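Input: a single structure, listed below in structure tokens.
A short reminder: the numbers here are calculations on the coordinates, not readings from a lab. Small disclaimer: the values here were computed from a predicted structure and weren't measured. Using ideal geometry, Cβ is built from the backbone for each residue, glycine included, and neighbour counts are taken over all protein chains shown.
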Amino acid sequence: MFLKVLIMGLPGAGRTSLARALSQRLDAVYFNGDEFRANIARGLGLSLEDQVEQARRIGWLCNCVSEAGGAAVADLVCPTEETRAAVQPDFLIWVDRVEPDQDEDAVALFTPPAQYDLRVPGDGSLEVWADNIGALLPQRDRNKRRWDSWRTPG
Ligand SMILES: Nc1ncnc2c1ncn2[C@@H]1O[C@H](COP(=O)(O)OS(=O)(=O)O)[C@@H](OP(=O)(O)O)[C@H]1O
Ligand SMILES: Nc1ncnc2c1ncn2[C@@H]1O[C@H](COP(=O)(O)OP(=O)(O)O)[C@@H](O)[C@H]1O
């Protein structure tokens, strides 16, 4: 399967839990934002410019996987439209859950996505969501991208 999936949402929303479960079901290569920062994006911080650069690097690696015929799942906060556009996903999943003790600054910086393929609400089991999404995605036609009109920030 050729596919590039972005799972985004506020810190603590449940992105990583969903991404791990989904990538197992899709047999996908999984890029976790925290691990990526600790390795490939060492030195990048949390300024908007650095978050866009982090997103661009993960997006590029996902492209490599998908060009080789594989599925790639990335999980990132991606708090703005610019960061989402830098990933250029084929399929965007928004984990729409706010932790009870969520940092107010993170909420203030976060712009809910104007476009997404699937919104995962805070209730419900992420394992069940992963089952359902894992069954849905392989049917998706990669050529019918909704994100072609997105500009790569530059
Ligand atoms: N705005 C804001 N405020 C406070 N903390 C923040 C913010 N954005 C990112 N983070 C923290 O950075 C962790 C990794 O972020 P990511 O690399 O996954 O995403 S991104 O680059 O921010 O899109 C992320 O960790 P996790 O959510 O636990 O993965 C957060 O702890
Ligand atoms: N839907 C949910 N309901 C309750 N707790 C959740 C839910 N999703 C995730 N959690 C918990 O919240 C914490 C953060 O989850 P995680 O997947 O690491 O989030 P993120 O990657 O978005 O920071 C974990 O302890 C996880 O078990």
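Below are the figures for this structure:
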{"read-out": "Any hit, the stretch 54-68, residues being near ligand 1 (Cβ under 10 Å from one of its atoms) and in a strand (DSSP E or B)", "value": "no"}
{"read-out": "Check on A38, out of contact with any Pro (no Cβ under 7 Å at 6 or more places or on another chain) and over 23 Å from D103 (Cβ atoms)", "value": "no"}
{"read-out": "Near pairs, Cβ below 7 angstrom, 6+ apart or cross-chain, from the stretch 22-44 (touching a residue at least 24 places away in the same chain (Cβ under 8 Å) and over 15 Å from L137 (Cα atoms)) to any residue that is part of a loop (DSSP other than H, G, I, E, B) and within 13 Å of ligand 2 (Cβ to nearest atom)", "value": "G33/V77"}
{"read-out": "Subset of the stretch 34-45 [more than 12 Å from ligand 2 (Cβ to nearest atom) and either more than 13 Å from R56 (Cβ to Cβ) or in a helix (DSSP H, G or I) (or both)]", "value": "F36, R37, A38, N39, R42, G43, G45"}
{"read-out": "Of residues in the stretch 95-110 being within 11 Å of ligand 2 (Cβ to nearest atom) and either among the aliphatic types (A, V, I, L, M) or surrounded by 23 or more Cβ atoms within 10 Å (Cβ to Cβ) (or both), the one nearest to the chain's Cα centre (by Cα)", "value": "V95"}
{"read-out": "Inter-residue pairs, beta-carbon under 7 Å, first closer than 11 Å to V95 by Cβ and in the stretch 119-141, second more than 16 Å from ligand 1 (Cβ to nearest atom), 6+ apart", "value": "V120/W129"}
{"read-out": "Scan of the stretch 1-17 for residues that are of a type in the set (A, V, I, L, M) and within 12 Å of ligand 1 (Cβ to nearest atom), ordered by number", "value": "L6, I7, M8, L10, A13"}
{"read-out": "Check on F31, within 15 Å of ligand 1 (Cβ to nearest atom), assigned to a helix (DSSP H, G or I) and either at positive phi or not polar (S, T, N, Q) (or both)", "value": "no"}
